[in-house]
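First comes the structure, then the notes that go with it.
The values are calculated or read from the model by the stated rules, or taken from the named source; none is laboratory data. Everything numeric here is computed off the predicted structure, so don't read it as measured data. Every residue, glycine among them, receives a Cβ derived from its backbone with ideal geometry; neighbour counts consider all protein chains shown.
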Amino acid sequence: MGFRCLELSTPAEIHIHRNQLTIEQQDTSFTIPVEDLDIVIASGSNIRLSTMDISILAENNVLFMTIGKDYLPTSMTLTFRSSSRRSLIMRRQLELPKRRTNRLWDDIIRAKIMNQADALRLLDIPGSEDVRRLIGKVSHGDRRNAEAQAAALYFQLYHPGLNRRVPLPVNSCLNYSYSVLRSAVARSAAAHGFLLSFGIHHRSMLNQFNLADDLIEPFRPFADLIAFSTVNSNVVLSKEQKRCLMSVLYMECTIDRMHTTVTNAIDIMIDSVKRYVMDEADTLSMPSIILPGKELESNANHCTSQPDE
């Protein structure tokens with residue numbers, strides 16, 4: 001997998017020859033090995049590339065994404081070559097018993113709330129323990145809606161008075177960073193053979209990425225950390241801000257008692273979800289924010305402490 005994110009915000013023409021991607025802009029051009037690329041983001045107008053170039057990117061597991069003026073994704077390419085058991089995995093996904101679906105969603109939400117609390121601690125914002133206590137309310141597919149309660153409390157602590165539905169500098173940062181994460185999650189889920197439109201909790205008929213919007217949840221606090229240190233007074237993001245926000249994929253985290261990047265953790269978590277859906281395992285791997293002095297721990301331990309419901 002590549003290690004570079006490329007963002008194109010001005011008119012450009014893209015060509016790929018012998019696995020080298022060349023970007024031509026006005027009187028300048030530069031070349032990047034395709035194998036170095038992880039994600040290509042097109043946020044500007046008049047960016048041209050051929051269908052063959054898109055195919056080459058997909059074959060190399062490079063995600064090509066377009067985003068709108070609100071920094072939310074409008075399209076993305078996904079590869080469908082990686083999983084040899086795609087039809088079986090999709091069938092098991094669709095037939096997953098309700099009790100195991102509930103348990104999976106509960107584990108995702110517990111990990112998300114835990115990371116929200118740890119994000120506040122890392123930012124030295126009071127109230128992390130109040131958020132953490134809401135983990136105890138999660139059960140039976142989160143029918144008491146602890147996720148929404150935690151989110152409401154968390155965001156008022158994170159950015160007092162924040163309204164996610166209006167154009168604000170902080171929302172621009174959050175939207176952009178979430179878009180990068182969402183695309184990485186969607187790519188991994190598709191590569192593992194999942195049907196993206198069929199979610200665990202998200203079930204909108206108008207959303208082609210319901211599953212990605214479920215599986216992204218434990219990773220959102222990582223984007224929040226990046227956005228908090230990147231936001232300024234402008235709603236329109238600068239190139240430097242975008243570069244910083246893209247780095248969410250390469251933040252360090254812990255999962256399965258080891259240090260790794262968010263990108264690798266996404267693949268590890270989704271692979272554990274696949275094994276869970278295929279009834280090959282009962283444990284789930286979830287990412288954790290690294291706190292100073294915090295010992296490595298396996299989220300699988302606390303994620304499987306509840307009986308099937």
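Of all residues in the stretch 238-268, exactly one satisfies the criterion of being buried (at least 23 other Cβ atoms within 10 Å of the Cβ) and within 16 Å of L168 (Cβ to Cβ), namely L245. Among the residues of the stretch 43-65 satisfying the criterion of being modelled with pLDDT under 90 and assigned to a strand (DSSP E or B), which is nearest to M278 (Cα to Cα)? So, considering only residues that are modelled with pLDDT under 90 and assigned to a strand (DSSP E or B), the one nearest to M278 (Cα to Cα) is L63. Within the stretch 2-27, residues that are in contact (Cβ under 8 Å) with a residue 60 or more places away in the chain reach partners that are part of a strand (DSSP E or B) and charged (D, E, K, R) with beta carbons closer than 8 Å, at six or more positions or on different chains, in the pairs G2/D38; F3/D38; C5/D38. Just wondering, is there one or more residues in the stretch 288-308 that are crowded, with 21+ Cβ neighbours inside 10 Å, modelled with pLDDT under 95, among the polar types (S, T, N, Q) and touching a strand residue (DSSP E or B) at 6+ places or on another chain (Cβ under 9 Å)? The answer is yes; a qualifying residue exists. Checked against the criterion of being touching a residue at least 60 places away in the same chain (Cβ under 8 Å) and either surrounded by fewer than 13 Cβ atoms within 10 Å (Cβ to Cβ) or over 27 Å from the mean Cα position of the chain (by Cα) (or both), the stretch 46-61 contains not a single residue that satisfies it.
So is L78 more than 20 Å from the chain's Cα centre (by Cα) and either free of Cβ contacts under 8 Å to residues at least 40 places away in the same chain or on the phi < 0 side of the Ramachandran plot (or both) or not? No: the conditions fail for L78. When every residue of the stretch 149-161 is checked against the conditions, at least one turns out to be touching a Phe, Trp or Tyr at 6+ places or on another chain (Cβ under 9 Å), closer than 30 Å to I39 by Cα, surrounded by fewer than 20 Cβ atoms within 10 Å (Cβ to Cβ) and assigned by TED's automatic domain parsing to the domain that holds R182.
Note on the stretch 1-38: among residues that are in contact with a Gly (Cβ under 7 Å, 6 or more places away or on another chain) and part of a strand (DSSP E or B), the one that is surrounded by the fewest Cβ atoms within 10 Å (Cβ to Cβ) is L8.
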